[in-house]
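This report concerns only the one structure given below.
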Amino acid sequence: MLVVLSRFPKGKPPYKSARCLRYLSVDSRSRLSTFWAPTGGRSPQDGDQDDSHALLVRGGFLRQAHSGVFHLLPLGLRVQHKLETLIDKHMESIGASKISLSSISTEELWRQSGRYSANSELLRVNDRRESGFLLSPTHEEEITSLASGMIQSYKDLPLRLYQIGRKYRDEKRPRQGLLRAKEFLMKDLYTFDFSQENALATYELVRQAYNNLFDELNIPYLVANADSGNMGGKLSHEYHFASPKGEDNVWSCDSCSYAANEEVVEQRCDDPSPVPEAIFEGISTDRKTKIIIHIPAPEPHTPSTTPLPWSRIHKHVNLHAIKRLSIPIDTGIEPSTLHSLLAETTSQLHVHDLRTPASSPSSLSADLTALHPGSPCPSCASGHLHARKAIEVAHTFHLGTRYSAPLSALVSLPNSTAGKVPMHMGCHGIGVSRMMGAMAALLADGTGLNWPRVVAPFECLVASTGAVV
């Protein structure tokens, strides 16, 4: 409401020199008459399939523009803004500065880091000069390039920069609303230190900030050991909300705090003594090498010379353990085509479980047996592992020099004459829009959506019960 009070000399018309006092009174209350919250538009289909996404649509939080692309409406934007404010609070608590990087990156930077050809989900574009660009799914290359031109000495470190911005991924099959979209909002924190020791200390500082953030949301969460994938580095953790709508399998101990993604989960081998074995025969991704996998016989009296059906390999073999050995095995090949391809291979590679005797000095060994509920925990003596479906909402990575070395992000060290060295980096993400979808999926009930108070669009509603307002 704007109130203007004018004061003029008595009996005189208003002149330019007249004093005008203006008072602005703002009504901070949100009223339904002036707040756009369109409801309806979608009904649940096929039972509870995507029911939480349907609630977001019917509740007026968002609308789908295209496959995997969504418009946020005022209610959804309020939730997003409050979540961003919460993230800002905890990033500032560890001395991080907020920036905003461009959503457009260049093919050249991604080729320098080695990730351009290894990523099939990049949204690529060319300008009128046929220069190659892409819509960034992540910003390691850009932030490293930025830092390399501005940071020259260890005295400029540690440096912690974060942004909250839109990311893009050419999802083959977008699904479950905000949980798997082509365009999404993420918080990315990038850290720079001059030594690995300092970088690992920063990593633990960020992990504590993440724990504080999730504690404030007051939603149960899992922190799991994870695979770094094509991000690089060997240390990473995922943050999950346990939910049947999740696409990840997280194994956790019922006695201690051990938790790990199925890609890196370990199991305790109490008895490594040799046992009768069985084999699976697979093939490498280049179709040139037969990969013979030796495991403890899953069934009594299984002849070791007779390969088990390839279709059953997922039941008996931990294929993630084989991939960790850097063996390029084709896990998606159809059993019907495998036999003819094996006949054309020119070499063999034997991979043995720890309980089966090695067939040659060149054989590789690892714990290959598939995990089953109740498997002994590798961290404690009394616990057992159990799997839960979960939604990943955040991830921390210790990158080391994975990007700083190829992109020449170098600094001088104290009391050193050896020249400049690559900075040690970390990357720490939170899926902002994904977390909105995850909270809706996790907390919705028969009466609708239930947001954590700290991110709820409104905390209370004043409603009229009669004709008088």
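Counting the residues of the stretch 165-219 that are of a type outside the set (S, T, N, Q), closer than 22 Å to residue 90 by Cα and crowded, with 16+ Cβ neighbours inside 10 Å gives 22. For the stretch 216-226, indicate whether the set of residues that are closer than 29 Å to residue 62 by Cβ, charged (D, E, K, R) and modelled with pLDDT of 95 or more is non-empty. Yes, there is a match, as at least one residue in the stretch 216-226 is closer than 29 Å to residue 62 by Cβ, charged (D, E, K, R) and modelled with pLDDT of 95 or more.
Does residue 111 fit the bill of being more than 20 Å from residue 430 (Cα to Cα) and part of a loop (DSSP other than H, G, I, E, B)? No, not satisfied.
Within the stretch 63-74, if we keep just the residues that are more than 22 Å from the chain's Cα centre (by Cα) and under 19 Å from residue 164 (Cα atoms), the residue that is surrounded by the most Cβ atoms within 10 Å (Cβ to Cβ) turns out to be 73. Within the stretch 274-298, the set of residues being of a type in the set (D, E, K, R), modelled with pLDDT of 85 or more and either touching a His at 6+ places or on another chain (Cβ under 9 Å) or assigned to a strand (DSSP E or B) (or both) comprises 281, 290.
Residues are listed down the side, and each one gets a yes or a no for (1) aliphatic (A, V, I, L, M); (2) buried (at least 16 other Cβ atoms within 10 Å of the Cβ):
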| position | (1), (2) |
| --- | --- |
| 363 | no, no |
| 380 | no, no |
| 385 | yes, yes |
| 388 | no, yes |
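Of the residues making up the stretch 316-341, those that are charged (D, E, K, R) and either surrounded by 13 or more Cβ atoms within 10 Å (Cβ to Cβ) or touching a helix residue (DSSP H, G or I) at 6+ places or on another chain (Cβ under 7 Å) (or both) are 323, 324, 330. Residue-level analysis places residue 393 among those that are within 22 Å of residue 228 (Cα to Cα) and in a strand (DSSP E or B). Residue 204 meets the conditions (1) over 30 Å from residue 51 (Cα atoms); (2) part of a helix (DSSP H, G or I); (3) touching a residue at least 24 places away in the same chain (Cβ under 8 Å); (4) among the charged types (D, E, K, R) in every case but one. The failed one is (3). Picking from residues in the stretch 75-96 that are polar (S, T, N, Q) and under 12 Å from residue 213 (Cβ atoms), the one that is surrounded by the most Cβ atoms within 10 Å (Cβ to Cβ) is 93.
The values are calculated or read from the model by the stated rules, or taken from the named source; none is laboratory data. Every value quoted in this text rests on a predicted model; they were computed, and no experiment measured them. For neighbour counting, all protein chains shown are included, and Cβ atoms are generated from backbone atoms with ideal geometry for every residue, glycine included.
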